[in-house]
Amino acid sequence: MANMKAAVIITAGGLGKRFGEGIDKLPKQFIPLSTKPIIAHSIETFESSDFIEEIILVVPDSWVEYTKAQIVDKFDIKKVSKVIVGGAQRQESVERGFKSLSSKPEIVAVHDGVRPFITVDIIDQVITEAANSGGAIAAIPATDTIKQSSSEQIIEKTVARNKIWFAQTPQAFKYEILMHAFEKASEDGYLGTDEAELVERIGREVKLVLGSKNNIKITTTEDLKLGEIILDSDMNDN
């Protein structure tokens with residue numbers, strides 16, 4: 001495993017509409033979390049993983065130069081090879097990142113740029129499991145009782161929570177598996193919610209790796225407040 005090559009596509013293509021106009025009208029991924037933009041925390045952690053050789057950043061149109069100057073250059077990120085424009089949907093953005101890879105690594109990981117509290121340990125565990133089994137994602141088991149609802153918001157049944165996991169990122173896959181998953185989705189005109197779903201539908205197993213409750217996705221102002229608490233407390237695993 002020591003010589004295993006891995007790359008990561010960090011998606012930050014959204015404009016953060018759930019923030020309204022955001023702070024200073026910045027897309028959410030560029031909003032400050034303590035002394036750094038949210039996305040900078042994510043990128044620096046992947047930069048610290050010995051497995052990662054290349055980082056592709058996918059950002060909104062018109063934010064490419066800003067990202068290069070205010071993120072990559074300002075924080076002296078060495079492993080970012082390209083900053084590209086994302087698509088209309090996450091799947092399109094990730095596929096664009098995949099096609100932009102400079103080489104053919106053994107493993108390709110995907111991470112949400114607005115999950116700033118990912119750790120090197122989780123990254124390395126997910127990549128290692130993907131190398132062993134073909135695909136793996138970070139996830140956490142459900143702890144609350146799960147109800148299945150009708151369209152009228154009437155409980156239909158209680159779902160066994162011991163089988164329910166909440167998906168996180170990173171998600172990582174062998175290069176050829178992810179390539180096949182994208183090709184099949186394109187052929188079928190299929191739009192999935194994450195890369196694991198695309199890989200599942202081509203008949204490949206995806207393993208679950210224990211993530212962290214701190215590995216939150218910042219999509220609202222309330223999430224940002226929680227992020228500040230995590231960063232300023234012993235809750236932060238980094």
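Structure values in brief
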item	result
Fraction in percent of alpha-carbon pairs per bin - 10 Å, the range 23-81	22, 58, 19, 1
Cross-link table Lys78/Lys217; Lys25/Lys104; Lys5/Lys82; Lys25/Lys207; Lys25/Lys68, entries beyond 29 Å C-alpha to C-alpha	Lys25/Lys104; Lys25/Lys207
Gaussian network model of the chain, springs between alpha carbon atoms under 10 Å - residue of Asp223, Asp121, Asp144 with greatest fluctuation	Asp144
Cα gyration tensor category, rounded, prolate or oblate, for the range 106-238 with a/c compared to 1.5	oblate
Mean projected area (nm²) of the alpha-carbon convex hull when the range 1-134 is viewed from all directions	8.0 nm²
Amide H contacts under 5 Å for Phe166, placed H, 5+ residues apart	Ile140, Ala142
The chain, accessible area per residue, ligands and nucleic acids excluded (1.4 Å, Å²)	50 Å²
Descending Cα extents along the principal axes, the chain, whole Å	51, 39, 36
Theoretical FRET efficiency, 1/(1+(r/R0)^6), r = Cβ-Cβ of Thr219 and Glu187, R0 45 Å, to 0.05	0.90
Label-point gap, in nm, between Gln70 and Lys5 - each point 7 angstrom along Cα→Cβ	3.4 nm
Packing-based ranking, highest mean first, of 136-143, 65-72, 35-42 given that Cβ atoms within 10 Å are counted	35-42, 136-143, 65-72
Using θ = phi - 60° and Karplus 6.51 cos²θ - 1.76 cosθ + 1.60, couplings along the range 190-200 (whole Hz; Gly, Pro as x)	9, 10, x, 8, 7, 5, 4, 4, 5, 6, 4
Relative compactness, the range 98-177, computed as alpha-carbon Rg over 2.2 N^0.38 Å	1.43
Kirkwood hydrodynamic radius over Cα pairs of the range 133-200, then Stokes diffusion coefficient at 20 °C and 1.002 mPa s, in µm²/s	152 µm²/s
The range 1-154 - percent of accessible surface contributed by carbon and sulfur, probe 1.4 Å	46 percent
Derived scalar couplings ³J(HN,Hα) [the range 91-99; Karplus, 6.51 cos²θ - 1.76 cosθ + 1.60; whole Hz; x for Gly, Pro]	4, 5, 5, 5, 5, 4, x, 4, 6
Unit Cα scatterers, Debye sum, the range 85-145: log10 I(q)/I(0) for q = 0.30 Å⁻¹	-1.23
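The values are calculated or read from the model by the stated rules, or taken from the named source; none is laboratory data. Keep in mind it's a predicted model, so treat the numbers as computed, not measured. Counting neighbours? That spans all protein chains shown, and the Cβs are built from the backbone with ideal geometry, glycine included. Remember, those area values only see protein heavy atoms, side chains included, never the ligands or the DNA or RNA. Shrake-Rupley method; radii C 1.70, N 1.55, O 1.52, S 1.80 Å.
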